[in-house]
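These notes are about the structure you will find just below.
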Amino acid sequence: MKLEYTYWYININSLLGIFMEFILLILVLGVVGYLVFRSPKHSGSADTGVVANRLASLLIQKGIITKEELYGTGNVSASAPSSTPAPVPTASGMPQPVSPLTASQSAPVAPAPAGKGAATATEFAFNTKWLMLAGVIAILFGVGFFIKFSFDNNLIGETGRVILGLAIGLGFIGAGEWFYRKYPKYAFFLTGGGIAILYLSLYSAFGFYQMIDQLTAFLGMILVTLFSVVLSVRYNSIAIAGIALLGGFLTPLLISSSVVNDIGQLTYIALLDLGLFALAFFRNWKQLVWGTAVGTVLLVGSWFFGNYDTSKLFMTEFYFTLYWAIFTASTLVFYYFNDKKPTNGDFGLMLVTGLLYMSVSYGILYADYSAYIGLLPLFLTAVYTVIALIGSNAKKETKALVYLPVGMAVLFLTLVFPIQFDGYWITIAWFVEAGVMAWVAHLLRSRIVSYSIPIFALGLLRLFAFDTYLPQENFFLIFNERFVVFAVAIVLALFVAYIFHTFYRESKIREDLHKAASFMAIANILILCAGVFEIIDWFRFVSTTDSVAQSTSLAISVFFIIYALVAIALGIISKTSVLRICATVVFGITVLKTFLYDIWLLEAFYRIIAFMILGIALVAVGYLYFRFSARIKGFLTASDSTTIAQ
């Protein structure tokens, strides 16, 4: 037992030794900072050359050395002009003497002296500054070693050690206040060191000596944090605010024990976030927001992985929601109440906090509430939609306050469907969402219409990756789930194309016209794909013919020809170039397929039918263009610029 006590006693004294060495280091750096960081306008010299010049002028005025001895014979006028100006004549014609003080103040700064004079001035500068600095540092080391010796030999008791640490910390802060007006950078250094010493002293009183209980240590560290915030406001120093942030988030870790007060710790983090955000807003220190976010994630994460269990589900979700609300509000408050525009960093913070909240909430809720988990992204969609509406009314000139929340709302609405539904319904929901987004943008006359593009692309990706396969038992020509998905995609692609074309007619932005044409082309491609899938599966599951491959190929060629004829006719009637171009491309594909593939695969009978149908169709199209050439040329040149990509 005695050995164990001796072991812990030695460890504590070793830690105290390290603690005192840390204080000693701060003292040494403080003196160095005072002599190095002091402003030139207060220190009396800007560099060694100026110091040497002034020392030389003082030596000459006091008669300690002559100009000839200082600068060398014959070089007085050339090397060092006299520091004493010529007598000023008065009204009586008699010159008046100039006092040495006036001369030293009004004398121009001469270049650094050379030769013997330069060596003498440098010698005086070295002996008056750097030797003094070395002497002060030596004294500080001696004092520090004396304090450490007192600790190692138990000359200063535990209470005395804590009181000494608190006194040194307050002394540093007081010295920072005294030096603030003359040397602000040096004052910040002292103040920051003093705050750190206060934190360490309170921690020593609680963790090493058990002189105070956990609550007292906690309240003491909170007071130090609040005091640090006050000092950061007084000095307008974000560096001191950063120390307060660091100390605030370290406090729960420094006073941790085996018994964890979950509600107290999580509430403390929320209050600390609110206080730091208020400070950041008051002083416009946006860097504190990111620092607070990082500190919150780390501290809450350490609590979650060390103390969470399912019995704390609702409490944990409440605090996660509270933190998300605080961060979201803090991002927006900066711009609802001032004239600044949001930056990419602000957008990134809102995006990261939203996704992080969604991820952790999904993780803890899914096991028990998987049937209703889709309500979580739906809730976020509603919140960000309200934020966008508030932003559009609060500051109409700041479009980013609308676009970012709308983008977040669209993102979470897109997540609702794969989380809550499965199968074809996910794809259908994404296509419908794209159409609704385009329609809402049309009603609001907003450029958020472009958000419909990635959503529709997501639907297309899922359609071709997962929804094209259809088992035989579910196949019925046209009346099946796959065809329904294709039909929804085709209708909504045409609808989005119409919306973009409406925007083009109002704004005359060519990009909108190109987007409209792209969606028109996508709709035509989807028609072809839907038909091809239905033909292939019909011959595979229903047809009784012995030549499935030849019949399928012929049917596809016929379908392409019929589609091309209908498309080119509609393109001419509606004056829509996209339909005419699509029809021409399909004709080209059909010709290549017939001459390069069907001619080798099909038997004689099927080959004859394929070539005859293709030939008749091509001749008919050519006849239509010849028959109505004047009319076609007329509306092509007169009206193509006013309809979809004509």
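The values are calculated or read from the model by the stated rules, or taken from the named source; none is laboratory data. Just so you know, these numbers come straight off a predicted model, no measurement behind them. Here the Cβ positions follow ideal geometry from the backbone for every residue, glycine too, while neighbour counts run over all protein chains shown. For accessibility, only protein heavy atoms count, side chains too; no ligands or nucleic acids. Shrake-Rupley method; radii C 1.70, N 1.55, O 1.52, S 1.80 Å.
List of remarks:
- The set of residues in the range 507-532 being touching a Cys at 6+ places or on another chain (Cβ under 7 Å) and open to solvent by 50 Å² or more (accessible area, probe 1.4 Å) is empty.
- Single condition I589 does not satisfy, out of (1) under 11 Å from S557 (Cβ atoms); (2) modelled with pLDDT under 80; (3) open to solvent by 50 Å² or more (accessible area, probe 1.4 Å): (2)
- A count restricted to the range 276-286 and to residues that are open to solvent by 40 Å² or more (accessible area, probe 1.4 Å) and within 30 Å of N307 (Cα to Cα) stands at 1.
- Positions within the range 280-293 being within 16 Å of F347 (Cα to Cα) and among the aliphatic types (A, V, I, L, M), in sequence order: L288, V289, A293
- Per-region count, the range 346-365, residues exposed (fewer than 13 other Cβ atoms within 10 Å of the Cβ) and either modelled with pLDDT of 90 or more or farther than 16 Å from G407 by Cβ (or both): 2
- Cβ-Cβ distances below 8 Å connect the following pairs, each with a first residue in the range 401-415 that is at negative phi, a second residue that is of a type in the set (F, W, Y) and open to solvent by less than 50 Å² (accessible area, probe 1.4 Å), and a separation of six or more residues or different chains: L401/Y335; P405/Y384; V406/Y384; M408/Y384; A409/Y384; F412/Y384; T414/W430.
- Counted residues, the range 221-277 - those being assigned to a helix (DSSP H, G or I), within 25 Å of G207 (Cβ to Cβ) and hydroxyl-bearing (S, T, Y): 5
- Qualifying residue in the range 555-577 (condition: open to solvent by 10 Å² or more (accessible area, probe 1.4 Å), of a type in the set (S, T, N, Q), in contact with a helix residue (DSSP H, G or I) (Cβ under 6 Å, 6 or more places away or on another chain) and not in a helix (DSSP H, G or I)): no
- Among the residues listed as Q210, Q214, the single one being of a type outside the set (G, A, S), surrounded by fewer than 20 Cβ atoms within 10 Å (Cβ to Cβ) and in contact (Cβ under 8 Å) with a residue 24 or more places away in the chain: Q214
- Qualifying helices (runs of 4 or more DSSP H) (wholly inside the range 400-479; at least 2 residues being open to solvent by 70 Å² or more (accessible area, probe 1.4 Å) and closer than 22 Å to A530 by Cβ): 452-466
- Residue in the range 313-325 that is free of Cβ contacts under 8 Å to residues at least 24 places away in the same chain, open to solvent by 20 Å² or more (accessible area, probe 1.4 Å) and not aliphatic (A, V, I, L, M) present: yes
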